[in-house]
1. Name the residues whose placed amide hydrogens come within less than 5 Å of the amide hydrogen of A:ALA248, ignoring near sequence neighbours (fewer than 5 apart) on the same chain.
2. How many nm separate the modelled label positions at B:ARG190 and B:ILE96, each set 7 Å beyond the Cα in the direction of the Cβ?
3. So if we plug the beta-carbon distance of B:LEU35 and B:LEU128 into 1/(1 + (r/R0)^6) with R0 = 41 Å, what FRET efficiency do we get, rounded to 0.05?
4. Need one value: the accessible area of B:ARG92 in square angstrom, 1.4 angstrom probe, rounded to the nearest 10.
5. For an R0 of 45 angstrom, estimate the FRET efficiency from the Cβ-Cβ distance between B:PHE272 and A:ALA272 and round to the nearest 0.05.
6. Would you list, by chain and number, the lysines whose Cα falls below 24 Å from the Cα of B:LYS196, excluding same-chain residues fewer than 8 positions away?
7. Give, as ranges by residue number, the residues of the stretch A:74-89 whose backbone N falls under 18 Å from the point 7 Å along Cα→Cβ of A:SER101.
8. Let me know the mean shielding of B:176-182 by other chains, meaning the per-residue number of their Cβ atoms within 10 Å of its Cβ.
Amino acid sequence: MSIASVNYSSNGAVSPEPEFPSAQLSIRNVTKVFAGKRDIFSKLSGKTSRDFVAIEDISLDIEPNTFVSIIGPSGCGKSTLLNMVAGLSPVSQGEILLNGSPITGPGPDRGMVFQNYALMPWMTVEENIRFAVETVFSKLSPKQINRAIKEQIQLVGLEGAEKKHPHELSGGMRQRVGIARALAINPQILLMDEPFGALDALTRGFLQSEVERIWEQQRKTVIMITHSIEEALLLSDRIVMMTRGPAARVDEILEVPFPRPRDRNTIDQHPAYHDLKAEMESHLFRETRAVEESRIR
Amino acid sequence: MAVSQPTLTKTKGANGSAPWLNENVKALGLFIISLVLFLLFWEIGANLKLFAKGMPTASKTLQELWWWSTHPFFDNGPNDLGIGWNLLISLRRVAIGYFLASAIAVPLGILIGISPIAYKAFNPYVQLLKPVSPLAWLPLGLYIFRDSEKTGIFIILISSIWPTLINTAFGVANVNPEYLDVSKTLGASRIRTIFKVIIPAALPNIVSGLRISMGISWLVIVAAEMLLGTGLGYFIWNEWNNLYIPNILVAIFIIGLVGLILDNIFGALEKFVAFGRKA
């Protein structure tokens, strides 16, 4: 099933072999089980719980310089998958390879953008980025570090806000800092966990366009988790649709053929846009309905 | 014109009769009125001998307050010492005991908070010792140190250590896990994470603990000094032996005022380290 899901592509585009040589990141038969509580204290207090299989046997290959979105019903283990790629959460079975070597823990080769920004409130914008740069490039001279910080601030358009603290910024500006911090360490892969989920609709649209602009400049490999179909279509080269949890799997992988640079106002004029959108909507609708029904029972 | 007229009156009415009469001005007015009423009640009641026998009048107490605050520093031996000296003696004891307590509690709290096992293992000690009345330590202190000065400092230390310790350990143990994830994904070393992330993140909790500890130190010193020989607490005890109530009231007022100032300093410090977070 997992191999089929990798090879299957709704648009009929040729999919890579399972052992695709140029894959930068390859997720192989990964399963995530959250262990239940069965220790002596839990037994005494009658609070034992069973193991929970969040993700079952997922395989996925991601080529360099692709923007991949993962979309699925809520609670399907999208974030769990991303955390495993980040190395924040261990893999129960299978393995995740980055450039052919397995991921054993977190590291600066992967940059992470958090849904709730996760900026340090006591650091200014500049200090937040400096913390990342100094941690990863501890051998650089102060001059080089300052230049790297300035570059990132310019890239995300935060000039003038360097000395502000996060609580003085809007949500959109905070997430710009989050993105700048993740890019400042020059990671091979950028991981984004619902980066626009906490923003209002207008800011979200604006920031999506900004991410599209930044991506055109750097073309990093990106894995983004999202709930928004439009967002996925605007930004991604491939869209991974996951089934509902528990034991979530990859249901289908869509290739998004729109030319770049993309414009949010004209993207829906592409002939394939509405078919792709309809397909994603029906998938998400079906999965979400199943989730809701299982909750009622 | 006829239409705009009523709207104008209505806005004026909604804003209140006068713009300078805002909430703060009203609160100040109420404060002054209540204070005047209280002093009048006290003055008249004391003159009519409504209270306990020998209760001083408000005017007599205020005179004493004026005298003691205009003559703070004189020294006619231990039983006749200016209130300024007594205040400095008390503050010095508090400062030493509190500083020692904080110097132990903050690092220890960080160590306990970092390890969940240590947190669970040491929590019973703290919970057991925290509710013990400071005065219960007094005989032990006197026995160990055989010295009233050292005993005073010891009592301050032992009673002001717990709030800082508990708050520091709690703050460190409950750092927002996202900050730690950021640190992990950057590959920051453990030491760097502790100094750059965990301690600053826990700082609002640490300062809250320090504030509570300071309040407790100031409570405890007065009680302890009654048995020790100098300081504000002894001043009260001495005036009790002289059976001179106005000076006791003066001392109560000064103790309250100094406590208020100390608490406000820490309140300002709390705001300074909050950065938009709620403590």
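The values are calculated or read from the model by the stated rules, or taken from the named source; none is laboratory data. Remember, predicted model here, so these are calculated numbers, not experimental data. Neighbour counts are summed over all protein chains in view; Cβ atoms, including those assigned to glycine, are modelled from backbone coordinates with ideal geometry. Remember, those area values only see protein heavy atoms, side chains included, never the ligands or the DNA or RNA. Shrake-Rupley method; radii C 1.70, N 1.55, O 1.52, S 1.80 Å.
1. Excluding prolines and chain starts, which carry no amide H, the hits are A:ILE55, A:GLU56.
2. Distance between the two pseudo-spin positions: 3.8 nm.
3. Taking R0 as 41 Å, the efficiency between B:LEU35 and B:LEU128 is 0.40.
4. Roughly 130 Å² of B:ARG92 is accessible to a 1.4 Å probe.
5. 0.20
6. A:LYS139, A:LYS143, A:LYS150, A:LYS163, A:LYS164, B:LYS184, B:LYS271, B:LYS278
7. Once the point is set 7 Å along Cα→Cβ of A:SER101, A:85-88 turn out to lie under 18 Å by backbone N, inside the stretch A:74-89.
8. Working: counts 4, 2, 8, 5, 2, 9, 14.
Whole-number average of other-chain Cβ neighbours for B:176-182 is 6.
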